[in-house]
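Visitor: Here it is: the structure, laid out below.
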Amino acid sequence: MLADDDCLMIPYQIGDVFISHSQEETQEMLEEEIDTLESRVESIQRVSADLKVQLYAKFGRNINLEADES
């Protein structure tokens, strides 16, 4: 990703502390974090869609909900 050198240490901030990881460890940590965030986004989008269905069922077209941003 950044370089071919496997001994390159990358500083990674956790709270107020910086720790160093190899490029491979850093890449794995970032991929895990991305997966976690993507699953949270999907969960929030499902809840939002369910709420919109409930609101339209209750109020019909009398409400104007914002369009989905996909």
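Visitor: Among the residues that make up region 56-68, is at least one of them without any contact (Cβ under 8 Å) to a residue 60 or more places away in the chain and at positive phi?
Guide: yes
Visitor: In region 55-70, which residue that is in a helix (DSSP H, G or I) and surrounded by 10 or more Cβ atoms within 10 Å (Cβ to Cβ) is farthest from the chain's Cα centre (by Cα)?
Guide: Phe59
Visitor: Does region 26-39 include one or more residues that are modelled with pLDDT under 90, among the β-branched types (Val, Ile, Thr) and assigned to a loop (DSSP other than H, G, I, E, B)?
Guide: no
The values are calculated or read from the model by the stated rules, or taken from the named source; none is laboratory data. Keep in mind the model is a prediction, meaning the values are calculated, not measured. Cβ atoms come from the backbone with ideal geometry, glycine included; neighbour counts cover every protein chain shown.
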